[in-house]
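The values are calculated or read from the model by the stated rules, or taken from the named source; none is laboratory data. Quick caveat: nothing in here was measured; it's all calculated off a predicted structure. Cβ placement follows ideal geometry from the backbone for every residue including glycine, while neighbour counts extend to all protein chains displayed.
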Amino acid sequence: MKLAAIDIGSNSIKLVVVDAAASDSFAVLAREKETVRLGHNTLREGHLAPEAIARAVACIKRFRSMAEARGAERVVAIATASVREAYNAIEFINEVEAQTGVRVEILSGIEEARLIGLAASQGCATPGAPLINLDIGGGSTEISLFRDGAPAALFSVKLGAVGLTEQFINSDPPKQKELRALRAEVSAALERPGRELRGLNWQQATGTSGTILAIGEALRLRAERSLDKEMQEAKPSGAEIVLSQLERFNHRVAEMSVGERRALPGISAQRAEIVVAGGQILEGAMRALGINLVRTCDWALRE
């Protein structure tokens with residue numbers, strides 16, 4: 001059976017079309033992603049603007065056409081933090097359905113963490129190995145601890161790369177007082193997950209979604225210059241993000257303007273606007289949870 005999943009996030013909307021041969025396996029037929037910024041101002045004001053809704057509707061309509069062209073028999077659409085936090089979420093759901101025929105389901109933060117953790121544990125973990133996964137979205141961060149394919153602990157905190165950028169960063173490059181306030185917000189939000197996960201064990205740590213994948217790629221490209229080709233080919237799949245390297249990366253990008261960040265290999269023009277906040281969330285999460293190394297994983301909510 002061919003299925004399509006549309007993940008409506010605060011920063012981007014993503015599509016995957018698969019041929020599901022069994023309940024626990026599938027072949028990917030197509031993947032697509034579009035930066036829509038549905039969460040722009042929404043996370044701060046609690047309202048989805050008409051222009052943001054229009055951008056999302058146009059994207060979902062295009063994604064449905066792509067899915068049907070690939071033979072998808074069913075299209076599932078889910079929305080996360082930006083819609084979850086909006087007081088006009090029902091208006092958004094009704095407009096999308098009226099214009100595209102796609103019914104959107106709003107996920108709770110905990111269910112979002114469960115589904116992302118399940119994807120990471122199936123797509124990027126050693127079978128049977130306890131796994132902790134970090135997922136930084138535009139409006140929230142999900143932390144998932146999985147053992148034997150089942151969730152052992154799930155958290156969703158209101159820390160997102162788009163939301164924190166809008167809330168704290170008003171200068172270009174950011175001022176030190178803005179960065180201090182941002183770090184304090186990250187530290188406070190991660191206090192509970194850090195406390196409740198203390199003493200629990202995992203063998204692998206992975207990171208999913210755009211911010212972590214972009215930072216991993218930027219670090220990989222930077223390291224590539226000092227590695228010969230044979231060493232690169234010997235490395236396992238997924239980029240490694242070591243805490244000490246991330247600290248240096250965050251320090252460097254915080255001193256750059258948006259224009260300078262856009263020139264960094266691995267960082268897209270849109271990602272450059274929010275990577276300072278995203279990097280600070282990742283660094284704060286790794287510190288709070290005692291994680292020294294995260295391996296990127298390209299399976300996430302849509303998978």
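Scan the helices (runs of 4 or more DSSP H) fully inside region 150-200 and keep the ones with 3 or more residues being at pLDDT 95 or above and surrounded by fewer than 17 Cβ atoms within 10 Å (Cβ to Cβ). Give the steps one after another, and end with the answer.
Values: elements: 161-168, 176-189, 191-197.
In region 150-200, the matching helices (runs of 4 or more DSSP H) lie at 176-189, 191-197.
Can you name the helices (runs of 4 or more DSSP H) wholly within region 1-110 that have at least 1 residues being of a type in the set (Phe, Trp, Tyr) and either in contact (Cβ under 8 Å) with a residue 24 or more places away in the chain or under 26 Å from Ile136 (Cα atoms) (or both)? Walk me through it before giving the result.
Working: elements: 42-45, 50-69, 81-84, 89-100.
It comes to 50-69, 89-100.
Is it true that Glu112 is closer than 23 Å to Ile60 by Cβ, among the acidic types (Asp, Glu) and crowded, with 21+ Cβ neighbours inside 10 Å? Quick ask: steps written out before the conclusion?
Working: closer than 23 Å to Ile60 by Cβ: yes; among the acidic types (Asp, Glu): yes; crowded, with 21+ Cβ neighbours inside 10 Å: yes.
When the stated conditions are applied, Glu112 passes them.
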